[in-house]
1. Hey, if you put +1 on the Cβ of every Lys and Arg and -1 on every Asp and Glu Cβ in the chain, which of 325, 20, 401 ends up farthest toward the positive end of that dipole?
2. Expressed as a rounded percentage, what relative contact order does the stretch 168-233 have, with Cα pairs under 8 Å and six or more residues apart?
3. Place a label point 7 angstrom from the Cα of residue 212 along the Cα-to-Cβ direction, then list the residues of the stretch 142-156 whose backbone nitrogen is under 17 Å away.
4. For the stretch 102-212, treating each Cα as an identical point scatterer without solvent, what Debye log10 I(q)/I(0) comes out at q = 0.10, 0.17 1/Å?
5. So what's the projected area for the stretch 113-172, the Cα convex hull averaged over all directions, in nm²?
6. Among 1, 297, 204, what is the fewest-to-most ranking by other Cβ atoms within 10 Å?
7. Which angle between 0 and 90 degrees, to the nearest 10, do you get for helix 11-22 versus the longest principal axis of the chain when only C-alpha atoms count?
8. If we sort 238-244, 338-344 on the protection proxy, mean other Cβ atoms within 10 Å, highest first, what's the order?
Amino acid sequence: MSKVAIIGAGMGGLVAALILAARGAEVSVFEAAATPGGKLREVQVGGEAIDAGPTVFTLRPVFEAIFAKAGARLTDHITLSPLDCLAHHAWEDGGRLDLFSDVARNADAIGAFAGAKAAQGYQKFAARAQKIFDILDSNFMQVPQPGLTGLVARAGPGLWGISPFATLWGELGKYFQEPRLRQLFARYATYCGSSPFYAPATLMLIAHAEQQGVHRIEGGMYRLAQALEGLARTHGARFHYGARVAEIIVRGGKAAGIKLAGGEEIAADAVIANAELAALSAGLLGAAAQAAVKGMMRHAKPSFSAVTWCATAHIAGGAPAHHNVVFSADYPAEFAALGQGRLPPDPTVYVCAPGGTKLFMLVNAAAGSDPRPDEVQQCLTTSLGKLERCGMKLEIGAISQTGPKEFGQLFPGSAGALYGRALMGWRDSFARPGAESLLPGLYLAGGSVHPGPGLPMAAISGRIAAGRCLAGLSRRAVMPGGMLMPSAMMEPTPSP
């Protein structure tokens, strides 16, 4: 039985562990934290367990396919409820706009908000978003090794119809003359921790991903991490928490295991690093791992970080939506401040209100920054004031705060960047490495590698890493004469 060591129990590591264990590998996962999930985490505040990471569950078929690979059904392990309102959007000038999973319903809402021309522009935008999604889903996002040349070959002439070299902000101007609508749909760039003024227009595909359905998970998003870990355990995977990996061991020119911070060495036939790519590049997992990703961080600029607050609160002014956004009055100024490493004086504020007294708030911040306590307090005061002026008055009880410095400590090597590499232009979409490193037997997973950040993308990265690992283990099972030795790890066509 082949042994696989996985570094990190984040989304990519959990998915890789599940798939490999279900295929018969002896899987051991080593996680420095005390619990699984990585950025998909929850914190205890005022006696409540509150999601403190991703709050949006989209692309349900991605997770259904992953659970199916382990002979299970997603809905047997978590309970999903579709959200009628995808998000409530508000501006301090009095503008309010709810969006839904139905294009026609959105067109009606946008027409009431900004007129018939805006509704027509939205319908054209929605069709374009679907076209981008359809082209890039199978031709790029699901492909093990990314690259512009391969994408051109796979997508053909249709690729040029999605404006792959335009910026999101620039392309949105073709559909939305109303500045608030342009601002709303430009927010998709921040899903990747990037500025809409630099990020590629292809991020419009996120709109179509949300049109396919946004769900809430009963009990909180963290139940997904627990479900993946539990199912992996039933297939024999072992999880070790409080186990920081200090080095990837190399023997015979191949990854041969890991060394823990305490000095213990664990042998393995393959290693999957579900860690920040920046951590490997900085040598935090040893010189061999550093050499294995040489050049993969070239010209990379870190994505945004955030200041987040998990709180218990009484919410006056009516029940909020599950997802709420109150926008800055000056979007260019907000991103200019972030580019200068400062907290914006007028931030866009995101609030997740899953029910009861639980509350999660987020504003974007610069990676590597360390705002003073008084600056963070002022940001919180400003954010609460914006929310109140938009009809959501919060009476805060207990509260827990996390900023770029704390995120940097939680995820070593990241400097607090939550989304890996920032998308500063079309080239950055192709700059993330695939699952195979330069070191045989070492595979990469997580939001900082292809296909990128976000729960579905990180899950896909774990599935791809597991597939490449299976293929590598199968190749190692070949006898000198060219005959294949029987192996429980082999499959006719390794799944990407």
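1. 20
2. Value for the stretch 168-233: 30 percent.
3. 142-144
4. Log10 of I(q)/I(0), two decimals: -0.29, -0.80.
5. The Cα convex hull of the stretch 113-172, projected and averaged over all directions, gives 4.8 nm².
6. In order of increasing Cβ crowding within 10 Å: 1, 297, 204.
7. Tilt relative to the chain: about 40 degrees.
8. Highest to lowest by the protection proxy: 338-344, 238-244.
Laboratory data are not the source of any read-out in this text; all were calculated from the coordinates shown. Keep in mind the model is a prediction, meaning the values are calculated, not measured. Here the Cβ is made from the backbone with ideal geometry for all residues, glycine too, and neighbour counts use every protein chain on show.
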